[in-house]
Amino acid sequence: MLNMTELYYFSPTGGTKKAGEIFCEGISKNVKTVDLGLRDKVVEKPNGELVVVAAPVFGGRIPSIVAERLNELEGSGRKAVTLVVYGNRAYEDAMLELNNVVKERGFQVVASAALVAQHSIASEVGKGRPDDQDRKSILEFAGKVLEKMERGSDGSVKVPGNYPYKNGMSMPVTPISLPSCKQCGKCTSVCPTGAIRLENNTVVTDAEKCILCMACVSACPEQARILPPPLQEKMEQMLGALKSVRRENEYFL
Ligand SMILES: Cc1cc2nc3c(=O)[nH]c(=O)nc-3n(C[C@H](O)[C@H](O)[C@H](O)COP(=O)(O)O)c2cc1C
Ligand code: SF4
Ligand code: SF4
């Protein structure tokens, strides 16, 4: 086992963090987590033997905030493992994009994985994942990465994806707050882009800043933060067929 690994993650609704932590548990005695979604917090520099970078897939890409926050890091040749976590539909260009960003920062990517987690918009898709079966396969992968590192192999990985990447998602909508909102401010504090403010006892959301990450929806203690119902229904319809499909995790060493 490694002694210390740093897990850098962006995880608005917790699935990416969970998948990343399972991997780290299988490779390192100690794990330090760094949340890339915390606003106004400088991204801490890595010190451990391995850096794990975990990002969710949004529209087949990584959220732009991940690349922005990683720009604060210098890899200086350190070894890194990249994980893209997606909601059982497809990860498209996200893994290639994440690997390119991490390499540009000066890290050496030794292994990558695309892992499935519950879909953060349509919860019936990929429901309950990562589950026990995922856990077992992620831990096996961690063992193989460890062997590769112990062999001293510095082979980089080749991963799927196209460049130029597919166009980024752009949806001119944001979650809304229902009349049951208690103006507690929780959504304002968890929003990674600072898109939400309380004004005259109402929650105001800046559509220009919102990346539709679902952190506010997931964090609202009153279940008063939702996607506009027509969009929620449309997404559920579009993704409905994937409820009965189980995509498997993919590993690249
Ligand atoms: C705006 C948005 C776009 C998404 N796009 C995709 C996608 O292209 N493919 C996919 O399989 N899942 C997609 N998902 C699902 C997430 O990738 C998945 O639920 C992931 O686990 C979310 O990470 P989190 O739980 O750490 O927030 C999307 C979710 C959101 C909110
Ligand atoms: S977290 Fe929920 S209850 Fe609290 S301010 Fe936001 S929408 Fe309102
Ligand atoms: S307002 Fe938009 S960016 Fe902010 S937490 Fe909610 S969904 Fe994410």
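The values are calculated or read from the model by the stated rules, or taken from the named source; none is laboratory data. Computed from a predicted structure; not experimentally measured. Because the Cβ atoms are built from the backbone with ideal geometry, glycine has one as well, and the counts that use them run over all protein chains shown. Heavy atoms of the whole protein, side chains included, go into the accessibility calculation; ligands, DNA and RNA do not. Shrake-Rupley method; radii C 1.70, N 1.55, O 1.52, S 1.80 Å.
Taking label points 7 Å from Cα along the Cα-to-Cβ direction, SER180 and ASN30 give a separation of 4.4 nm. According to the square roots a ≥ b ≥ c of the eigenvalues of the Cα gyration tensor, what is the shape class of the range 176-235, taking rounded for a/c under 1.5, prolate for a/b larger than b/c otherwise, and oblate for the remainder? Taking the square roots of the gyration eigenvalues as a ≥ b ≥ c, the range 176-235 is oblate. Taking only Cα atoms, what is the 0 to 90° angle, nearest 10, from helix 15-25's long axis to the longest principal axis of the chain? Here the helix axis deviates by roughly 20 degrees.
Taking 0.36 nm per residue of separation and subtracting the current Cα-Cα distance, fully stretching the chain between LYS127 and MET169 would add 12.8 nm.
Taking 19 Å as the straight-line reach from the Cα of LYS166, the aspartates and glutamates in range (excluding those fewer than 8 positions away in the same chain) are GLU68, GLU92, ASP93, GLU97. In plain terms, if you count all Cα to Cα distances in the chain and split them into 5 Å steps from zero, the share in each step is 1, 6, 13, 17, 19, 16, 12, 8, 4, 2, 0, 0, 0 percent.
Under 30 Å Cα-Cα from LYS144, which lysines qualify once same-chain neighbours fewer than 8 residues away are excluded? The reachable lysines, counting only those whose Cα sits under 30 Å from LYS144, are LYS17, LYS18, LYS29, LYS32, LYS45, LYS79, LYS103, LYS127, LYS136, LYS158. Spread over its residues, the convex hull of the C-alpha atoms of the range 200-239 is 102 Å³ per residue. Modelled spin-label separation between ARG197 and GLU74, with each label point placed 7 Å from Cα along the Cα-to-Cβ direction: 3.6 nm. If R0 equals 41 Å, the separation of the Cβ atoms of SER189 and SER156 corresponds to a calculated FRET efficiency of about 0.60.
With a 1.4 Å probe and all protein chains left in place, how much of the accessible area of the chain comes from carbon and sulfur atoms, in whole percent?
Of the solvent-accessible surface of the chain, carbon and sulfur hold 49 percent.
Modelled label positions at LYS103 and VAL42, each set 7 Å beyond Cα in the direction of Cβ, lie 3.0 nm from each other.
Would you rank LEU178, LEU50 by solvent-accessible area, highest first, keeping every protein chain in place and using a 1.4 Å probe? Write out the running numbers ahead of the final one.
Numbers: LEU178 60, LEU50 0 Å².
Accessible-area ranking of LEU178, LEU50, largest first: LEU178, LEU50.
Our coupling estimate for the range 206-213, obtained by passing each phi through the Karplus curve with A = 6.51, B = -1.76, C = 1.60 and θ = phi - 60°, is 8, 5, 5, 8, 5, 9, 6, 7 Hz, Gly and Pro reported as x.
Taking every DSSP beta bridge with both residues inside the chain, roughly what % is antiparallel (nearest 5)?
Roughly 30 percent of the DSSP beta bridges within the chain come out antiparallel.
Listed as lacking a disulfide-compatible partner in the chain: CYS24, CYS181, CYS184, CYS191, CYS210, CYS213, CYS220, by the criterion of no other cysteine Cβ under 4.7 Å.
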